[in-house]
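The values are calculated or read from the model by the stated rules, or taken from the named source; none is laboratory data. Only a predicted model underlies this, so the values are computations on that prediction, with no experimental measurement involved. Here the Cβ positions follow ideal geometry from the backbone for every residue, glycine too, while neighbour counts run over all protein chains shown.
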Amino acid sequence: MAMSQRKRRFAAGGNAILVSALVVVAACVAYLIADLNRVRVDLSADQGSVLLSDTRTKLAMLDRAGSPVMITAFSGQRGKKESYFKDRALLDLVEELDFASQVVEVHFVDLDKDRLTAEKLGVTDYSTVVVQRGEARVDIKDRELFRRVGSGAERRLDFLGEQAVARAFAQLTADNHRVVYTLVGHGELDPQTQDLGGLSEVAAVLEQDDYELKRLDFVRQTDQPVPRVPDDAAALAILRPKVPIPPLEEDLILAYLAGGGSVLIAVDPGTPVPSLLGRLGVVIPSGRVLDKLLVFPYPDRPVPRYKGHRITKDLADDSMVTVVSSAAPVQPSVPAREGIRSSIVLETSRDGWIDRGGEVKNGQGLFEPEIDGAGPASMAIALEVSSDSGLVKKGTARVLVSGDADLFTNGLLTEGPGNSSFVLNSFRWLVGDDDRISVVGKPASVRRLAISAEDIDQIRWLALGLGPILVLLLGAGVWAARRGR
Amino acid sequence: MRGILTIWKKELRVYAVNPTAYAFLAVFLFLSGLFFFLGITLTGEASLRVLASNLAIAELFILPMLTMRHFAEERRQGTLEMLLTSPLSPFSLVIGKWLASLTLCALMFLGTAILPLILAHYGDPDWGVVATTYLGLLLVAGAFCAAGLFSSSLLDDQLAAGLLGIVMLLPFWLVSRAEALVGDELAERVSAFGVLNHLEGFGRGIVDSADVTYFAALTFCFLFLTFRALESRRWR
């Protein structure tokens, strides 16, 4: 009897242990399956926790290439005021990169503790990131990762690490160094000018994809026996010439296009229009583009709509607005030229029009059908010129014509969430890096508290004292009530 | 379902009249305030990230102590046999008690609502991140309460049950810091089972299906083991 009871207990116990073990194993398997098929939702306000589309595109390219990439991020200096933010920003970034790629391996190294790794990599500075792919290596310094903005109470630290790492990926991905020439000598926008009307910030954005912006002056060109667009030109940018380009120079540009080159031509309302646009089947009517849908508080800044072009597809998908300044209308000629495929890139809403002066109300132009052109009005068009046009002898030439040159300046680059992406994607399309076209993002910044010394005492009392005291009083009340019963 | 609701109400009533629960709540709020204060004075950031990781560790010690009495006390008073022979199923018993503990945790977190309000007064916190931080803490609380219930179902002595709960949960904290003890590769593998690693994403506003599954699996395992432990009384 006792034996059979023991047997029963043994059987029931064994069964219970087996079932429990199986349930635990099943739970572990469920977790591992979920870990392999992760779905992540970023609920933060600025969506700053997941990688930017641009970085994801570059990671996908690295994954396709297959060879491993090693990222070693070194900590900030212990005890320094901003080290916590710096370390946390770097840790978050490397964690996301590790999660998003099959080939990227990440390490976060405490520079004070792990001197050996630092010595091996020859790193002596805090908050440094080393990106390695095979023998190639890019070092990203603290000043490239973080940027101090503002002053006084408004002072903050922006984290530019993701853009810097994405730039390093571009530099390490095959040989993708491209030179984009900007024509100068006719009062055009200058890549070396750092003010709002310059291109210095644009040059920095282009560097993200290892594109180099160089000046091209046909008159002072000494490195060529005869003036010409250099052979290493991936694209040529003609940004708002203030005087007409001489016919001889236009011929040089057409000769470059004939070889399958790519040209960006940007004008503003009232500035000289290169006559070669006529040969490319592009018309720039007089007037400026306006829309009832305006960027507040500017009366001359219509909110452009994206048409279905590769340059703006991702911007349209992410609902990222590109802000234009006063823009000239840009239209394909009718009938269309043979061998030239034109696509509208930016245009106004149906409420837009081509304004040619007339009445103004509250500082805003009004649509007057007798003098203005009806909308929607296009502000940028992209052309693909084939040999059927008679203009191109080799391959297909790409041309982007923008009615707003300011769009490419430092001043407008950060004006709208989509501006820097639009500029970079324009150049990516022109040089044929279509697979790189994506949305680039803004730097992540820390949300700081504005606390004075007096506030600290108040916060200490509120955080440490108020809650516990109230709860203890409530508990004492309950205890007293129960004793009184 | 009615059984679960009955147990849930009964347990909440016990908590409401038990001065110990108030003492734990006061300690919890004090620790929350302390971690919050240290966090904002050290970082100057309008964020609850420092609070969340430290509070998860505090939960590891507080919650087994809060749940230790559930079955151990019933057993000591001799009411467990009554409950097990009543029309209530062991499943209702376990889930009801677990839900009551979780409700108390939710009330604890509600008590810390003043902390994000302080952030809002002196800065501009990201409310999405605040919400996910609390969601993460609640998931941690769910798993730890389940572990506390399991330890309580194993032992007759309340204090021993509480200590066993802490000992059971300690590895889930320690593996999060495995890189300090073992090599990089091994640390990477074992730290996947660490609580803090899975809480980290919530502190950044990310809700990751793997993290949610981890906490759900942990909770389910402990609740299932509690259920089996209670059932074992039938054949032991």
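Points worth noting:
- Scan of the stretch A:255-313 for residues that are charged (D, E, K, R), in a helix (DSSP H, G or I) and more than 20 Å from residue A:395 (Cβ to Cβ), ordered by number: A:313
- Any hit, the stretch B:108-128, residues being surrounded by fewer than 17 Cβ atoms within 10 Å (Cβ to Cβ), among the aliphatic types (A, V, I, L, M) and more than 14 Å from chain A (Cβ to nearest Cβ): no
- For residue A:31: the one exception among (1) in contact with a Phe, Trp or Tyr (Cβ under 6 Å, 6 or more places away or on another chain); (2) farther than 24 Å from residue B:210 by Cβ; (3) at the interface with chain B (Cβ under 10 Å from one of its Cβ atoms): (2)
- Residue in the stretch A:240-249 that is crowded, with 18+ Cβ neighbours inside 10 Å, in contact (Cβ under 8 Å) with a residue 60 or more places away in the chain and assigned to a strand (DSSP E or B) present: no
- Contact annotation: no residue pair with Cβ atoms under 6 Å, 6 or more positions apart or on different chains, pairs a residue in the stretch A:275-291 that is surrounded by 24 or more Cβ atoms within 10 Å (Cβ to Cβ) with a partner that is assigned to a helix (DSSP H, G or I).
- With respect to the conditions (1) over 30 Å from residue B:44 (Cβ atoms); (2) modelled with pLDDT under 80, residue A:183 falls short on a single one, namely (2).
- Residue in the stretch A:433-448 that is surrounded by 18 or more Cβ atoms within 10 Å (Cβ to Cβ), under 26 Å from the mean Cα position of the chain (by Cα), basic (Lys, Arg) and more than 26 Å from residue A:157 (Cα to Cα) present: yes
- Candidates A:392, A:401, filtered to the one that is in the same structural domain as residue A:294 (by TED's automatic domain parsing), at pLDDT 85 or above, of a type outside the set (Asp, Glu) and surrounded by 23 or more Cβ atoms within 10 Å (Cβ to Cβ): A:401
- Residues that are surrounded by 14 or more Cβ atoms within 10 Å (Cβ to Cβ) and more than 30 Å from residue A:447 (Cβ to Cβ) within the stretch A:33-64 comprise A:34, A:35, A:60, A:61, A:62, A:63, listed in sequence order.
- In a residue-by-residue description of the stretch B:130-143, the property of being at the interface with another protein chain (Cβ under 10 Å from one of its Cβ atoms), in contact (Cβ under 8 Å) with a residue 12 or more places away in the chain, part of a loop (DSSP other than H, G, I, E, B) and closer than 30 Å to residue A:447 by Cβ applies to no position.
- Taken as a whole, the condition of being among the basic types (Lys, Arg), crowded, with 21+ Cβ neighbours inside 10 Å and in contact (Cβ under 8 Å) with a residue 40 or more places away in the chain applies to residue A:167.
- Only one of B:25, B:80 that is modelled with pLDDT of 85 or more and either touching a strand residue (DSSP E or B) at 6+ places or on another chain (Cβ under 9 Å) or surrounded by 17 or more Cβ atoms within 10 Å (Cβ to Cβ) (or both): B:25
- Matching residues in the stretch B:8-45 - criterion: being small (Gly, Ala, Ser), more than 7 Å from chain A (Cβ to nearest Cβ) and in contact (Cβ under 8 Å) with a residue 24 or more places away in the chain: B:21, B:32
- Among the numbered conditions (1) within 30 Å of residue A:68 (Cβ to Cβ); (2) modelled with pLDDT under 90; (3) outside any helix (DSSP H, G or I); (4) not polar (S, T, N, Q), the only one that residue A:167 does not meet is (3).
- The C-beta contact set for the stretch A:446-471 (first residue without any contact (Cβ under 8 Å) to a residue 12 or more places away in the chain and within 7 Å of chain B (Cβ to nearest Cβ), second residue outside any loop (DSSP other than H, G, I, E, B) and among the acidic types (Asp, Glu), distance under 7 angstrom, 6+ apart or interchain) comprises A:447/B:45; A:449/B:45.
- Conditions (1) within 12 Å of chain B (Cβ to nearest Cβ); (2) within 28 Å of residue B:206 (Cα to Cα): number failed by residue A:79: (2)
- Any hit, the stretch A:325-345, residues being hydrophobic (A, V, I, L, M, F, W, C), part of a loop (DSSP other than H, G, I, E, B) and over 31 Å from the mean Cα position of the chain (by Cα): yes
- For residue B:61, the conditions (1) surrounded by fewer than 21 Cβ atoms within 10 Å (Cβ to Cβ); (2) modelled with pLDDT under 90 all hold with the exception of (2).
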